[in-house]
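Read the structure below first, then the notes.
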Amino acid sequence: MKLILLGAPGAGKGTQATRLAEHYSIPHISTGDIFRANLKAETPLGLKAKEYMDKGLLVPDELTVDLVMDRIAQEDCVNGYILDGFPRTLNQAAALDEKVAIDAAVDVEVPDEDIVKRMAGRRVCPSCGEPYHTEWKVPKKEGICDRCGAELIIRKDDEPETVLKRLTVYHDQTQPLIDHYGKQDKLVAVDGTLSVEEVTNAIIAKLEA
Ligand code: AMP
């Protein structure tokens, strides 16, 4: 099973990708996670990507496409994979189309106003990476990581003005992919405002229909 997860930033792609990866026993490949890991390790790629990520912009295709192509060529991808956050531009989609035939592109649909609300509450532990939310995943002690005791922060790209920029970038550059996969008859749309479990079940039901 080769799947793509589409949807605005904050639509829950990462959560769903993790659950689907477990269900289908295939790797979850998140370009955002790969960039963040590189940033943490201060690799040249990470430092370059940071310039764009902090502004809510997309990392250029030439830094992104080869990274994903190398990753999906690895041995653990022989039975498929879930791409979370890639492709994000028509150029990236064309590069992927050239190499592989995906089974489906899942669009997790969430209105912009819900996205803004969700992202405003996001917090993360800068030390161990554990994610929190002021409404849905509240730490036992306010502002402090349950796991390691570090002070929680707002990720630079979750700050309100960056969120709005990311949404604009999503509508301009990524939303056209919905049409792209629609034309290929590979689009599977689900209501991303339902509970995490309901969304996963809806995706699996539609994929297996
Ligand atoms: P994410 O965690 O998927 O929201 O990604 C965080 C940030 O990483 C994005 O706002 C982009 O700056 C960058 N990024 C992730 N995936 C891509 C991609 N496929 N193309 C370009 N930039 C990306």
### Query
List the aspartates and glutamates whose alpha-carbon lies under 15 Å from that of Lys206, not counting same-chain residues fewer than 8 positions away?
Asp103, Asp107, Glu109, Asp185, Asp191, Glu197, Glu198
### Query
Which whole-number percent is the relative contact order of the chain (Cα, under 8 Å, 6+ apart)?
30 percent
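Could you check what % of the DSSP bridge pairs in the chain are antiparallel, to the nearest 5? Could the numbers behind the result be given before it?
Numbers: 6 of 22 bridges.
If we restrict to bridges inside the chain, about 25 percent are antiparallel.
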## Note on the structure
Listed by chain and number, the residues whose amide H is under 5 Å from that of Arg123, excluding neighbours fewer than 5 places away on the same chain and using placed H, are Tyr132, His133, Thr134
### Partners for Lys137 among lysines (Cα-Cα distance below 22 Å; same-chain residues under 8 apart left out)
Lys13, Lys117, Lys156
### Query
Excluding same-chain residues fewer than 8 positions from Lys50, which aspartates and glutamates have a Cα within less than 14 Å of its Cα?
Asp33, Glu42, Asp157, Asp158
### Summary
In whole angstrom, the spacing between the Cα centers of segment 92-155 and segment 1-74 equals 12 Å
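How much net charge surrounds Ile204 when only the other residues with a Cβ under 14 Å from the Cβ of Ile204 are counted, with Lys and Arg +1 and Asp and Glu -1? Each step should come with its number before you reach the end.
Working: positive: Arg19, Lys206; negative: Glu22, Asp103, Glu197, Glu198, Glu208.
Residues close to Ile204 contribute a combined charge of -3.
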#### Entry: From phi via Karplus (6.51, -1.76, 1.60), per-residue ³J(HN,Hα) for segment 80-92 in Hz, x at Gly/Pro
x, 5, 10, 8, 10, x, 8, x, 10, 9, 5, 4, 5
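Taken together, the values in this text are just the output of simple stated rules run on the coordinates, not laboratory data. These numbers come from a predicted model, not from an experiment. Glycine also receives a Cβ, built like all others from the backbone with ideal geometry; neighbour counts cover every protein chain displayed.
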